[in-house]
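So the structure is just underneath, and the comments pick up after that.
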Amino acid sequence: MKYLILSGGSWEDYEYKRLLELLPDREEVCFTGRMTREQQTNSQVRAVAAADIYSLNMKQYTILVSSPYWLSEVLSLQAVYVVALLERCPEEEDKWLWDKYSGLLGAKANLAATRSERIYLEQSLRREGVIYLGGDQQESYGVTFQGDRLYFLTDYEVLWRKAILNLWQDSTRSSADWVTIQLELRADYYISMCAKLPSQPVVHYLAASYLYLLGDPAANRYLAQSFELMVLYEYLDCLHSHFRFFSAIEVKTGDLETAVQQYTITAFTAEEKLEAERLQGWLHSGQYELVRAELFRLNENEAAAVRILSSLTTSEAKLLLIQNYIRIFQWEKALELQQELEGSVDGVIEGTIHLLHGRRHEAIRSFLNAAGQDNQAWPLLSEMADLEEAIRRLKRRVEA
Amino acid sequence: MSHESLNLERLAGRYGFLERAGLLPLPSHDGISIVVELSRMECATVCLPLLLLHSGADVRIIAVSMTPDFPMEVLAGQFSPEEPVIFLPYEKEEYMPNLALAHIETSFAVLLEDSIMVSPGWLCELMWTPFDDASVKVVAPRSSTERGEGKKRLHFGTHHELAEHVSYSLGRYQGEWREVEVLTGSCLLFTKELIHRIGGFNASLQARYLMIADWCLRARQIGAKLALSEAVYVHAIQSLDRYPRMKGESRQTDGWQTYYKKWALESGLENEGYLVPPTESLNFPQPVIPLGRISLASPLVTAIVYCDELKEQWIAAQQQSYKHIRWIWIRDTLVDAAPEFPVSEHDVVITVRGEDAWLRALKNASALYESEIILYLSTSILYEKRYIERVVKAITQGSADLIVSLSTEMEEAGVHLLAEGDWSVTLPLERVAYKGGIVPGMISNRKSTSRQLLLHPKASLVIGYIGDLSDSKEAHP
């Protein structure tokens, strides 16, 4: 296998050197940017100038990209597979811009990998094929040779190799195995932590989150413990953050009517109350799939919502599907569905897509259309300039 | 510094040099056998060559396949015929390490899993321990697979980092070991004498570490000490196969329950401390687990023989086809005054004086071995050669708790009605067999003759019966 690395900076600063050494079937690894001859020999990685990456035959390559500002290149290179190494926003970058384009990069990737547990959980709620590049196990879980050097693998390094291999194997084969293994490792870790730190609500909440993702009804027990501790410590804003989560667990493992009741308890704003009424209405008219999908969305588990809605054909279901697609940055799918359903599309989303595909003029036109007559286009055009500046800074760092 | 201590230091220096250079032979005149459990090909291909490399010239490796689908031939193909490795393919219903250990010829043996990575000097250092203290019969290195005090969880990114650590550890702690209460890990060194005395590993415990712990406790029962090396660390490659979690969970629980029951531990949460039973539990004798090709499907039978007068003719006639039997003889010297008792030295003979003691011994003898089937035999009947074999088959393949072999007279008397719920019936004890772990009922004397015994079966038991299995003629017609 051949790999092309698109990093956030220089080789010296690249944080995933060991993961590169552990890549399965490592035929060739190219790093976009400068490297000394010695660095290339020691790491068995070849340096390629940013301008030269288009000369590589991308039908043989998997891209490993760790900055969202490579997104335009990722889209135009059309490599066989894209692995997004998602990171928290560095201090020097604009957070809003970074998070938006990281979201788009994550949605575009065949595999999303991250060292941040927060991003791991967020992505796991949004999509399939997410790997956490961290863990709490000291022991070795596998071995691999790279040349004559023998490496011991941690649990997540074993799963990283499985996940990459899984991309190249029969695409119809499910990735469920390694995903489930990792969720269970995390769940086991937090369950053991609950025994060690019985008065920490966060630990119980995280145990509940992983058990929920596994579809284990025990999630309820851990969430209840977490909620009780939050109330005990007088964190009274936990109705939204904690109590609402009961409704998602209930949808997955229990009773739909209870789930709607649990959501209704947490509905305070006029919008939320309206949502609760809508759920009640669907429940009474027997539209259970809509209730389930919407409760998942309201709990930010769009991946589960999309799974349900994709198989439904009513326009109501499709409208909900568009909302979910927009939230998880599947914007091309959202536009396609919008066009089919309404005959028109969201200008901001359309403009962003044009921009990422290098169609600058079309992007500006879409932004102007979306903004209307009253100078609302300036923030959009300003974001465009910010993005272009961020990309320039990235290229300077890489070639430094 | 005195002349003597200078000499000692020099000698230690010279010894250290020889050992580091790999020039020292193992402290055993006949070498050592290493039984390797093969279950993970990806580990075996890396760890087995390292085992050969770092164990010296005097080793014989017996690699046994633990699963039917292990690609043994592929692995064997990676070793030349000159290398001292033999491969034993998987056999259904055999616990392969027991099979391999039955054939070892060397005074010492090691049992280890294929996921264990050893380093230079490991074997010699472990082997010296029984020479330091002759009562040490079992030695283990530190590893992440030990539970309790032997557990050492270390992270290494590369083999180079591991090699540096073990070299430091061996130099710093050479010759240091301590006695421990139990061992559980993936690497164990022991003497051949010990394995022949206490037998093999009890596969019914399901989880490997429970089998090891159980075996170590049985070793302690005969006075063997267990030691943990401070100097040797072996690196274990753990498996993610236990995930998804539901896989094998119930089997694990079954193993725990058996272990708890066997060693009289309070059942509760899985806890390392709970592996060690109270000292008094170690006083109860435990059955020997046979080595070699004795099928796991052959349950252990305790045969309790009672007699009003011992007959050599009866003993000679009792050549049963079933072999997995522990014989217990209950003898009352008031009735049988013969000074010599012509039974095999492996059998247990309980000699009492007087009827009360005789009856008490008879009731309690069943607890002596923790066997799966218990049956009573009387010297007043000559049993056919396949009697015990057929009883075992009836109990293991049927659902009855208790089996009665019916004589023609009993059938005529309508004892078979008991299958329909007539619980008032009593059974002649010499025709009864029952599952281990249950209380069969009450034993009493038949009124007319004092040494003919009856069983009043408990109402809750499921009773089955089989046809007449006596050798047609009774010893005392």
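In table form, for the structure just shown:
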quantity	calculated
Filter result for the condition that a residue is in contact (Cβ under 8 Å) with a residue 24 or more places away in the chain and more than 19 Å from B:F201 (Cβ to Cβ), over B:V36, B:V110, B:V74	B:V74
Count - residues of the stretch A:211-237 that are buried (at least 18 other Cβ atoms within 10 Å of the Cβ), without any contact (Cβ under 8 Å) to a residue 60 or more places away in the chain and assigned to a helix (DSSP H, G or I)	11
Scan of the stretch B:392-441 for residues that are within 16 Å of B:A459 (Cα to Cα), modelled with pLDDT under 70 and surrounded by 12 or more Cβ atoms within 10 Å (Cβ to Cβ), ordered by number	B:V415, B:H416, B:L418, B:A419, B:W423
Exclusive hit being more than 10 Å from chain B (Cβ to nearest Cβ), over 30 Å from A:Q44 (Cα atoms), of a type in the set (V, I, T) and surrounded by 23 or more Cβ atoms within 10 Å (Cβ to Cβ), set A:V130, A:V203	A:V203
A:L298 of a type outside the set (S, T, N, Q), crowded, with 17+ Cβ neighbours inside 10 Å and farther than 17 Å from A:G215 by Cα	yes
Test: residue in the stretch B:6-27 that is among the small types (G, A, S), surrounded by fewer than 12 Cβ atoms within 10 Å (Cβ to Cβ) and in the same structural domain as B:V232 (by TED's automatic domain parsing)	yes
Residues of the stretch B:105-133 classified as among the small types (G, A, S) and modelled with pLDDT of 95 or more, total	2
Any hit, the stretch A:40-60, residues being under 19 Å from the mean Cα position of the chain (by Cα) and not acidic (D, E)	no
Test for A:E275: is it under 30 Å from A:T313 (Cα atoms), without any contact (Cβ under 8 Å) to a residue 40 or more places away in the chain, surrounded by fewer than 20 Cβ atoms within 10 Å (Cβ to Cβ) and not aromatic (F, W, Y)	yes
Neighbours by Cβ (under 9 Å, 6+ apart or cross-chain): first from the stretch A:25-38, closer than 17 Å to A:S66 by Cβ; second assigned to a loop (DSSP other than H, G, I, E, B) and among the aromatic types (F, W, Y)	A:F31/A:W11; A:F31/A:Y14; A:G33/A:W11; A:G33/A:Y14; A:R34/A:W11; A:M35/A:W11
The lone exception for A:A390 - which of (1) modelled with pLDDT of 90 or more; (2) small (G, A, S); (3) over 21 Å from A:A109 (Cβ atoms) it fails	(3)
Matching residues, the stretch A:22-32, being of a type outside the set (V, I, T), crowded, with 16+ Cβ neighbours inside 10 Å and modelled with pLDDT of 95 or more	A:L22, A:L23, A:C30, A:F31
Residue in the stretch B:148-156 that is of a type in the set (A, V, I, L, M, F, W, C), within 24 Å of A:L150 (Cα to Cα), in contact (Cβ under 8 Å) with a residue 60 or more places away in the chain and at the interface with chain A (Cβ under 10 Å from one of its Cβ atoms) present	yes
Candidate set: the stretch A:358-387, residues that are surrounded by 15 or more Cβ atoms within 10 Å (Cβ to Cβ) and touching a residue at least 24 places away in the same chain (Cβ under 8 Å); chosen: the one farthest from A:K108 (Cα to Cα)	A:A371
Every residue from the stretch B:119-142 that is over 26 Å from B:G223 (Cβ atoms) and within 14 Å of another protein chain (Cβ to nearest Cβ)	B:S119
Which listed residue, of B:L188, B:L170, is assigned to a strand (DSSP E or B), among the aliphatic types (A, V, I, L, M) and either buried (at least 17 other Cβ atoms within 10 Å of the Cβ) or within 14 Å of chain A (Cβ to nearest Cβ) (or both)	B:L188
Residue match in the stretch A:135-151 (condition: within 14 Å of another protein chain (Cβ to nearest Cβ) and under 22 Å from A:S66 (Cα atoms))	yes
Subset tally (residues that are within 25 Å of A:A195 (Cα to Cα), at pLDDT 65 or above and within 14 Å of another protein chain (Cβ to nearest Cβ)) for the stretch B:217-275	6
Options B:L112, B:L88: the member that is farther than 24 Å from B:H235 by Cβ, among the hydrophobic types (A, V, I, L, M, F, W, C) and more than 14 Å from chain A (Cβ to nearest Cβ)	B:L88
Conditions (1) under 22 Å from A:V80 (Cβ atoms); (2) at pLDDT below 95; (3) more than 10 Å from chain B (Cβ to nearest Cβ); (4) assigned to a helix (DSSP H, G or I): number failed by A:R173	(4)
Matching residues, the stretch A:24-58, being over 28 Å from A:F145 (Cβ atoms) and charged (D, E, K, R)	A:R34, A:D52
Residue within the stretch A:41-50 that is touching a strand residue (DSSP E or B) at 6+ places or on another chain (Cβ under 6 Å), of a type in the set (V, I, T), under 20 Å from A:R392 (Cα atoms) and surrounded by 19 or more Cβ atoms within 10 Å (Cβ to Cβ) present	no
Given (1) under 25 Å from B:S169 (Cα atoms); (2) touching a strand residue (DSSP E or B) at 6+ places or on another chain (Cβ under 9 Å); (3) modelled with pLDDT of 90 or more, number of the condition B:P49 does not satisfy	(2)
Those strands (runs of 3 or more DSSP E) lying entirely in the stretch B:317-382 with at least 1 residues within 21 Å of B:K393 (Cα to Cα) and at pLDDT 80 or above	B:325-332, B:373-378
Leading residue by the ranking (nearest to the other protein chains (Cβ to nearest Cβ)) among those in the stretch B:14-45 that are among the charged types (D, E, K, R) and more than 13 Å from B:E125 (Cα to Cα)	B:E42
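The values are calculated or read from the model by the stated rules, or taken from the named source; none is laboratory data. On a predicted model such as this, the values are computed, not experimentally measured, just so you know. Counting neighbours? That spans all protein chains shown, and the Cβs are built from the backbone with ideal geometry, glycine included.
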